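K.L.:
Mind looking over this structure? Questions follow.
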Amino acid sequence: ARAVPVVAIDGPSASGKGTVAARVAEALGWHCLDSGSLYRLVALAAMRAGIALDDEAGVAAIAADLPARFENGLILLAGEDVSDAIRSETCSVGASKVAVLGQVREALLDRQRDYRIGPGLVAEGRDIGSVVFPDAGVKVFLTASAESRAERRYKQLMEKGMPANIQSLLKDLQERDARDAARPVAPLVKLPDAVLLDTTERSVDEAVAFVLDLVRAGG
Ligand code: CDP
Ligand code: CDP
């Protein structure tokens, strides 16, 4: 039997992965996986349990047994709605700290692969095309200038009523990108077989149309 098709969208922070992946999945009627939210949930759960974010075995135990559910567009941790809480800068930085730990990544692997259900899956993150679904038919590396990404993230947080500072957001996302790209385990890279899509000068609609064209071209 032919494997369930996957579209892998990887890229740096606030490049539009989540927005574009959700829209592409909706247009195709496919499932969608926001893998970053899993790392954010692990960081939040570890912090709440008082586990240091560099305690590999401790954080991996949390990841292996994460009481998280995705329901009606909400993200629940032990039944509590943490959809907004995991978007805080603390959780963003915490996520990129637990993401350097090999045992944590390993613990989240099967959970991510379980999302590969027919008719198809659009998954986004940092290592979707390299580690989670290396056989994805379409691989996109989504990016934009650091300044426009910081500006977009700023607007997004303001709309949610979450206070933010554009300078500290820019610094945070540059540090996080550097940590994600430099780590030895599953670093953020543009794979040779991924198509580069720079949205600095492109709208969400254009980015969505670009990815849908790749899928229809038979990726
Ligand atoms: O998931 P990721 O962190 O990569 O980014 P996102 O949360 O999907 O996108 C960050 C913000 O940028 C969202 O508010 C998008 O609507 C916006 N965006 C944009 O304005 N123009 C684009 N071409 C892509 C995203
Ligand atoms: O929305 P944004 O792009 O800022 O972050 P995210 O996709 O929610 O991911 C948060 C952090 O989780 C990233 O900075 C990475 O360190 C980590 N992550 C990862 O290592 N691998 C993934 N597949 C997804 C996220």
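The values are calculated or read from the model by the stated rules, or taken from the named source; none is laboratory data. Because the structure is predicted, anything quoted here is derived from the model rather than measured. Because the Cβ atoms are built from the backbone with ideal geometry, glycine has one as well, and the counts that use them run over all protein chains shown. SASA here: full protein model, heavy atoms, side chains in, ligands and nucleic acids out. Shrake-Rupley method; radii C 1.70, N 1.55, O 1.52, S 1.80 Å.
K.L.:
List the lysines whose Cα sits under 18 Å from the Cα of residue 17, skipping any in the same chain fewer than 8 residues away.
P.N.:
139, 155, 190
K.L.:
Tell me which of 66, 19, 118 sits at the most positive position along the dipole axis of region 1-129, charges placed on C-beta atoms (Lys, Arg +1; Asp, Glu -1).
P.N.:
118
K.L.:
Once neighbouring chains are kept in place and the probe is 1.4 Å, which whole percent of the accessible area of the chain is contributed by carbon and sulfur?
P.N.:
Of all accessible area on the chain, carbon and sulfur atoms account for 54 percent.
K.L.:
Quick one: among 161, 94, 118, which has the greatest mean-square fluctuation in a GNM of the chain with alpha-carbon springs under 10 angstrom?
P.N.:
Between 161, 94, 118, it is 161 that shows the largest mean-square fluctuation.
K.L.:
Would you be so kind as to identify which of 181, 137, 164 lies farthest towards the positive end of the dipole of region 76-219, taking Lys and Arg as +1 and Asp and Glu as -1 on Cβ and the Cα centre as origin?
P.N.:
So the residue furthest toward the plus end is 181.
K.L.:
Same structure again: May I ask you to compute the full-extension gain from residue 160 to residue 78, defined as 0.36 nm times their residue separation minus their alpha-carbon distance, rounded to one decimal in nm?
P.N.:
27.2 nm
K.L.:
With +1 on each Lys and Arg Cβ and -1 on each Asp and Glu Cβ, and nothing else charged, work out how big the dipole of the chain is about its Cα centre, in Debye to the nearest 20.
P.N.:
So the magnitude is around 120 debye.
K.L.:
Let me ask something else. Could you order 47, 158 so the one with the most accessible surface comes first? Probe is 1.4 Å.
P.N.:
Accessible-area ranking of 47, 158, largest first: 158, 47.
K.L.:
Moving on. Comparing 55, 127, 172, which has the greatest mean-square fluctuation in the GNM of the chain with Cα pairs linked when under 10 Å apart?
P.N.:
Judging by the Gaussian network model, the answer is 55.
K.L.:
State the Cα centre-to-centre distance between region 1-44 and region 117-154 in whole Å.
P.N.:
Cα centroid to Cα centroid, the span is 6 Å.
K.L.:
Okay, next question. Quick check for you: with a 1.4 Å probe and neighbouring chains kept, what is the accessible area per residue of region 107-219, in Å²?
P.N.:
Values: 5780 Å² over 113 residues.
Heavy-atom accessible area per residue stands at 51 Å².
K.L.:
Okay, moving on. Using a Gaussian network model on the chain with a 10 Å cutoff between Cα atoms, which of 13, 145, 35 fluctuates the most?
P.N.:
145
K.L.:
Report the calculated FRET efficiency for residue 54 and residue 90 (r = Cβ-Cβ distance, R0 = 25 Å), to the nearest 0.05.
P.N.:
Efficiency for this residue pair is about 0.95.
K.L.:
Evaluate the distance, in nm, between pseudo-label points positioned 7 Å from the Cα of residue 181 and of residue 117 along their respective Cα→Cβ axes.
P.N.:
3.7
K.L.:
So, one more: Tell me what the chain gives for mean residue ellipticity at 222 nm when only DSSP H runs of n ≥ 4 count, each as -39,500 (n - 2.57), the sum divided by the residue total, rounded to 500 deg cm²/dmol.
P.N.:
Helix contribution divided over all residues of the chain: -14500 deg cm²/dmol.
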